[in-house]
Ligand SMILES: [Zn+2]
Ligand SMILES: [Zn+2]
């Protein structure tokens, strides 16, 4: 997975210098992800259960019940913290403190993962305060440390996941919200899960967060001189989603990498009152 990410990171560092620092920081992390070897976890779901889930619009797993290898994720998180605390980042001290916590308190990393999965922002904020680290950084590193195990789960759960007819604004595998979208060469829109990286088709003129289909509430803007990189927004719920129009590019990176290469669009969207 990440071998391909690194090739795209290197390409985008050249092509979009504005994103250089975010991409360079992520490059080191992606190299560490490449080495992780998560264990297979039991993923069996009875067909009758799955039929009911699908009929009711439930994802295959809820976030709290995802069968993930938290041990491997914890070891990977420690490697991230060790790697980043050696850099000249402003928060290097906080990262070092977090590493000490992770090494001395055996359940610290697991506590972080469980809080992230439960979307218990308050606990994550407290854990961040405790080590002088921005909770956003802690969440990003925690989610990224979970990703190799998520990838493993996505492979193992693929036989149970039928995305045909799935028309929800949340992930069919884990129920999370999308963090990015893309328009494929056919013009069809796909949403990308913020937690597990799954993609699923979704109508182009509909807000995935509040489901409105009222055209006058929906719109998008592009950054200057960046045709194909857009922010789709909704004036009903004031949410936005960054979208890569793949028709505008010869090649595009995985959406995790595109997300980091377009942080300036988040700034623009938030300046315009969207969240
Ligand atoms: Zn998901
Ligand atoms: Zn909306």
With every atom except the alpha carbons ignored, what do you get for Rg and Dmax of the stretch 28-72, in angstroms? 14.8, 44
Using the Cα gyration tensor of the stretch 178-271, with a ≥ b ≥ c the square roots of its eigenvalues, what is the shape: rounded (a/c below 1.5), prolate (a/b larger than b/c) or oblate (neither)? rounded
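When the helix-only estimate is applied to the chain (DSSP H runs of n ≥ 4, each -39,500 (n - 2.57), divided by the residue count), what is the mean residue ellipticity at 222 nm, nearest 500 deg cm²/dmol?
Helices in the chain give a 222 nm mean residue ellipticity of -14500 deg cm²/dmol.
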Taking every pair of alpha-carbon atoms in the chain, what share in percent sits in each 5 Å bin, from 0 to the bin with the longest distance? 1, 5, 12, 15, 18, 17, 15, 10, 5, 1, 0
Treating the Cα atoms of the stretch 166-232 as identical point scatterers in vacuum, please give the log10 of the normalised Debye intensity I(q)/I(0) at q = 0.13 Å⁻¹, two decimals. -0.37
What residue among 96, 216, 151 shows peak mean-square fluctuation when the chain is described by a Gaussian network model with Cα springs under 10 Å? 216
Per GNM of the chain with C-alpha springs under 10 angstrom, the most fluctuating residue out of 49, 114, 257 is 49
Could you tell me the ratio Rg/Rh of the stretch 36-160? Both radii from Cα atoms, Rh via Kirkwood. 1.05
For q values of 0.20 Å⁻¹, compute log₁₀ I(q)/I(0) with the Debye formula on a Cα-only model of the stretch 86-145, without solvent. -0.69
Based only on other Cβ atoms within 10 Å, what is the fewest-to-most ordering of 240, 232, 190? 190, 232, 240
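Just so you know, all these numbers are worked out from the coordinates, no wet-lab data involved. From a predicted model like this one, the values you see are computed outputs, not experimental measurements. Cβ coordinates were reconstructed from backbone atoms using ideal geometry, including for glycine residues, and neighbour counts include every protein chain displayed.
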